[in-house]
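*Asks:* Got a structure here, written out as structure tokens. Questions coming.
Coordinate-derived values only; no laboratory data. Note that the structure is predicted; figures quoted are calculated from it, not measured. For neighbour counting, all protein chains shown are included, and Cβ atoms are generated from backbone atoms with ideal geometry for every residue, glycine included.
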Amino acid sequence: SEYKLALMEADDFLNEMLEDKGFIGENFEELINNAGKVLLPNLDEILLAHEIRNSIVYNPDYKIDLDQVKKTLAVYEAATKNIGAS
């Protein structure tokens, strides 16, 4: 459950960073797409990471292993670094 919480927090943090940079959207997907591939070259990976986050939120029985958590957190980390560098 700590892994799941870490992924949800990473997703929320990315969302807040984008909003702080002035991007808008009705939902996470719109926000990410409005930021675009210039700011987020790993856009497709972010959307997949967000799908994992949604699976965690909407399916309490969702199983995730440590390797998948590490890979998904790395996607969020790369995105936040890209945003911070812009």
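*Asks:* Treating cross-link reach as a plain straight distance, find the aspartates and glutamates whose alpha-carbon is under 19 Å from the alpha-carbon of Lys71, omitting any fewer than eight places away in the same chain.
*Replies:* Partners within reach: Glu2, Glu9, Asp11, Asp12, Asp44, Glu45, Glu51.
*Asks:* Compare Asn42, Asn27, Asn15 in a GNM of the chain, Cα atoms joined below 10 Å, and give the one with the largest fluctuation.
*Replies:* The residue that fluctuates most here is Asn27.
*Asks:* For Gln68 paired with Ile24, estimate the spin-label separation in nm (one decimal), with each label point 7 Å from Cα along the Cα-to-Cβ line.
*Replies:* Spacing of the two 7 Å Cα→Cβ label points: 3.6 nm.
*Asks:* Springs between alpha-carbon pairs under 10 angstrom, Gaussian network model over the chain: which of Leu40, Leu66, Leu18 fluctuates most?
*Replies:* Among Leu40, Leu66, Leu18, the largest mean-square fluctuation in the Gaussian network model of the chain belongs to Leu66.
*Asks:* Please work out the C-alpha center-to-center distance from the stretch 1-27 to the stretch 59-83 and express it in whole Å.
*Replies:* Centre-to-centre (Cα) distance: 12 Å.
*Asks:* What three numbers, in Å, describe the spread of the alpha carbons of the stretch 4-86 along their principal axes, ordered from the longest?
*Replies:* 35, 24, 18
*Asks:* Cα axis of helix 28-39 to longest principal axis of the chain: angle in degrees, 0 to 90, nearest 10?
*Replies:* 60 degrees
*Asks:* Under a Cβ-Cβ cut-off of 13 Å, what is the net charge of the residues other than Asn34 that fall near it, where Lys and Arg count +1 and Asp and Glu count -1?
*Replies:* Result for the neighbourhood of Asn34: -2.
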